1. Taking a cut-off of 30 Å between Cα atoms, list the lysines near LYS101, but don't count ones fewer than 8 places away on the same chain.
2. From the phi angles alone, apply the Karplus equation (6.51, -1.76, 1.60; θ = phi - 60°) to segment 18-24 and give each ³J(HN,Hα) in whole Hz, x where the residue is Gly or Pro.
3. Under a point-charge model restricted to the Cβ atoms of Lys and Arg (+1) and Asp and Glu (-1), what is the dipole moment magnitude of segment 93-155 relative to its Cα centre, in debye to the nearest 20?
Amino acid sequence: MIYMITKEEVDQLLASSEHISDAIIAAENPKDSLLWSKSILNYMEKVDPSSLQSLSEIMNSPELGKKQHKIIFRYLLEHIIKVGSEELQYERTYSTGQIAKFFGVSTQTIHAWIKEGRISGVEKSERFKHIRIPETAIYLSSIKERFTIAQIIEMYEEEQAKRGSVDAGQEHTYAERLSQLSTEISIFENKYGGSFENTLGKVKTKSLEQERDASEWQYLMRKVREL
């Protein structure tokens, strides 16, 4: 059951958030406040990492004092109030095949990532049948970068827009197709300064961009071999 909250009630709650956070800190001992602050920051990092930008200075502080604890508690309260009062919005979900296309990997890789926890926020159905991945799910790269699926899709669409449609629904001769593939491969060779085997092929821990580039690069090389 979702309770409706009016704008006046939201304003009232936001106005009292400072008083409530002060009262919580005053009632706790310093050690408990520290544990609560750490737990809150960890929670926000998992459910809404983009919201922590406003707390970046506090998170980078060598120590968390009473002032920082108050700010963190108040921020959490305000975040809960704002999210709880937002109107329900339709959340887009995607199949593993669609997500595989956005990442440039196989559906088997997406299933493995979900199983390993590299894609979190997904309801796991039996053997991943008919699984739907929400746009709010979090992808964790091999170097611990965090992105929402919505951000991944946005990056994919931006890349597609920059490069344009490769085929544009037209037939190509063997020579035209080979030239086209060679041109695309040369883009990666220039970007990384050599062949795949001597560059990304040797990188064990890749960033999100490198993982996507490696997957597409290998795909292009397979296409050349298949011609």
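1. LYS46, LYS115, LYS124, LYS129, LYS144, LYS162, LYS191, LYS202, LYS204, LYS206, LYS223
2. 5, 4, 5, 5, 4, 5, 5
3. Numbers: 9 positive and 6 negative charges, 39 e Å.
In debye, rounded to 20, segment 93-155 gives about 180.
Taken together, the values in this text are just the output of simple stated rules run on the coordinates, not laboratory data. None of the values given here were measured: they were computed from a predicted structure. Methodologically, a virtual Cβ is constructed for each residue, glycine included, from the backbone with ideal geometry; neighbour enumeration extends over all protein chains shown.
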